[in-house]
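This report refers to the structure that appears directly beneath it.
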Amino acid sequence: STTSFTVGGLVNASLPFSDDFNRGDNPSLGSLWTDRVGDIQTSGYQAYSAQGTQLSTLNGISATDVAVSADATILAGSGKSVSVIARYNGPADANYYMAEAYGVDGGVNLSLYRNQAGTFTRLASVREAAFSGTLTLECVGSSLKLFVNGELKLQGSDTVLTAPGSVGVRMTGLAVAL
């Protein structure tokens, strides 16, 4: 399980932003967040995905160059995932960059994706034995990097989504927690 979500950047005056979800059980993440798909909630002082795919973004953020992080644990073979997203322009589950940790048989896939008009394109991927810690997506210009606990795991380049957008978190699977 995870305990915090952090965004750093120089583009928007309200950045950097951090949320430790240190509040009681609630059917939403709170007034600073907008659910775009599903309904991420707080439970046990964590962001929590009840089922299916859930995506929430921060209100009032419009940034191009950012680093977005979330603390999480994803077990191998769980079928669950946690992702951090940047340059979100929607609607719903579309138009953003994403760094994902996804529990598959035999390990956890770490991947960088572009989601354009609802279609995912994998830009880079690597399999790890396990995942627990801080997942970070860094978007600067056309450069995309995925870090785990500060260690660079993947990098790529993409020039498709250049407009500034929001940042957020995406989760799939029952009982994924941040």
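The values are calculated or read from the model by the stated rules, or taken from the named source; none is laboratory data. Here the structure is a predicted model, which means the values were calculated and not measured. Here Cβ is always computed from backbone atoms with ideal geometry, including for glycine, and neighbour counts include all displayed protein chains. SASA here: full protein model, heavy atoms, side chains in, ligands and nucleic acids out. Shrake-Rupley method; radii C 1.70, N 1.55, O 1.52, S 1.80 Å.
Values as computed for the structure displayed
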| item | result |
| --- | --- |
| Most positive-pole-ward Cα, S28, A76, G141, against dipole of the chain from beta carbon charges | G141 |
| Modelled FRET efficiency - R0 22 Å, A92 with S62, Cβ distances, 0.05 increments | 0.75 |
| Shape category assigned to the range 17-139 from the gyration tensor of Cα positions, a/c cut at 1.5 | oblate |
| P(r) tail fraction, the range 75-178 - alpha-carbon pairs more than 20 Å apart, % | 33 percent |
| Added length on full extension, which subtracts the Cα-Cα distance from 0.36 nm per residue, A129 to D35 | 30.7 nm |
| Relative contact order computed over the chain (Cα-Cα under 8 Å; 6+ residues apart), in percent | 26 percent |
| Total formal charge among the other residues, if their Cβ is under 12 angstrom from that of R127, Lys/Arg +1 and Asp/Glu -1 | -1 |
| Mean separation of Cα contacts under 8 Å (6+ apart) over length of the range 81-178, as relative contact order % | 30 percent |
| Residues of the chain: accessible area per residue with a 1.4 Å probe, Å² | 41 Å² |
| With all protein chains modelled, accessible area of R122 [1.4 Å, Å²] | 140 Å² |
| Simple label model, 7 Å out from Cα along Cβ direction - S28 to L15, nm | 2.4 nm |
| Percent carbon-and-sulfur accessible area, the chain, ignoring ligands, DNA and RNA, probe 1.4 Å | 50 percent |
